[in-house]
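These notes are about the structure you will find just below.
The values are calculated or read from the model by the stated rules, or taken from the named source; none is laboratory data. All figures in this text were calculated on a predicted structure; none of them were measured in a lab. No Cβ is skipped: glycine too gets one built from the backbone with ideal geometry, and neighbour counts run over all protein chains shown. These accessible areas exclude ligands, DNA and RNA; they are computed on the full protein's heavy atoms, side chains included. Shrake-Rupley method; radii C 1.70, N 1.55, O 1.52, S 1.80 Å.
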Amino acid sequence: MAMTDIRASPTAVVVGSCIAQLIDNITYTISFACLPHLFEDMKLASESQIGLVAAMFGIGGFLTSSLSGFVSDRLQSRKLPLVVGSIGYAICGCVLFFSHKLWHLLLYRLLNGMASGLVYPISTAAVGDVYPHKLLGLQMALLNVFNNAGYMIGPILGGAIYDHAGVRGVSTVVSMASHN
């Protein structure tokens, strides 16, 4: 079986999409353990500043989710938004690595949300592309399992990395996630 045949198989699409959503949610939650320390180091005690940093992820996803769906449908390809989202993870990891001001954290969370807004809907759409409606429920449930696993793994992994390597270690892992 040729490599293109394997990548086009429904099973490969589901596995790839599950991995993409797992990585997406790990990169979303991995910084949770280090953000309070960054807020403290930057003297950001205001709840409104912390709330703004948290909201930036949603703003980023809001900006790119519809656009990624439109572009992938228009191009008849899911690849471009996924590649751009992966590059986005690398960039947001670099921003976190060098963060020492509020606007850096705002940019980090915005870029993280934008990358997620590219990866999440496209990985879901890719599964819908290869499975008939009557078999889609189980595949979507599998995506949700990996999605939730990312929510569980990210904060634990982020805390462990932060304990041993600080924010630089966490940001390096976020950047490495771009190679999914």
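A few points about this structure:
- Ser99 in contact with a Gly (Cβ under 8 Å, 6 or more places away or on another chain), hydroxyl-bearing (Ser, Thr, Tyr) and over 22 Å from Leu143 (Cβ atoms): no
- Filter result (of a type in the set (A, V, I, L, M) and in contact (Cβ under 8 Å) with a residue 60 or more places away in the chain) within region 123-159: Ala126, Val127, Val130, Leu142, Leu143, Val145, Ala149, Ile153, Leu157
- Candidate set from region 52-98 (those that are open to solvent by 60 Å² or more (accessible area, probe 1.4 Å) and among the basic types (Lys, Arg)); member that is modelled with the highest pLDDT: Arg74
- All positions within region 99-110 that are of a type in the set (D, E, K, R) and either more than 13 Å from Gly61 (Cα to Cα) or surrounded by fewer than 24 Cβ atoms within 10 Å (Cβ to Cβ) (or both): Lys101
- Any chance Thr124 is hydroxyl-bearing (Ser, Thr, Tyr) and in contact with a Leu (Cβ under 7 Å, 6 or more places away or on another chain): yes
- Residue match in region 61-75 (condition: assigned to a helix (DSSP H, G or I) and under 18 Å from Gly150 (Cβ atoms)): yes
- Some residue of region 78-94 being within 18 Å of the chain's Cα centre (by Cα), assigned to a loop (DSSP other than H, G, I, E, B) and either within 24 Å of Ala33 (Cα to Cα) or touching a residue at least 40 places away in the same chain (Cβ under 8 Å) (or both): yes
- Region 17-44 - residue that is in contact with a helix residue (DSSP H, G or I) (Cβ under 8 Å, 6 or more places away or on another chain) and open to solvent by 40 Å² or more (accessible area, probe 1.4 Å) and, of those, nearest to Gly113 (Cα to Cα): Tyr28
- Residue in region 139-161 that is open to solvent by less than 30 Å² (accessible area, probe 1.4 Å), in contact with an Asp or Glu (Cβ under 9 Å, 6 or more places away or on another chain) and assigned to a helix (DSSP H, G or I) present: yes
- Taken together, the criteria exclude Gly113 from residues that are under 23 Å from Ile156 (Cα atoms) and surrounded by fewer than 20 Cβ atoms within 10 Å (Cβ to Cβ).
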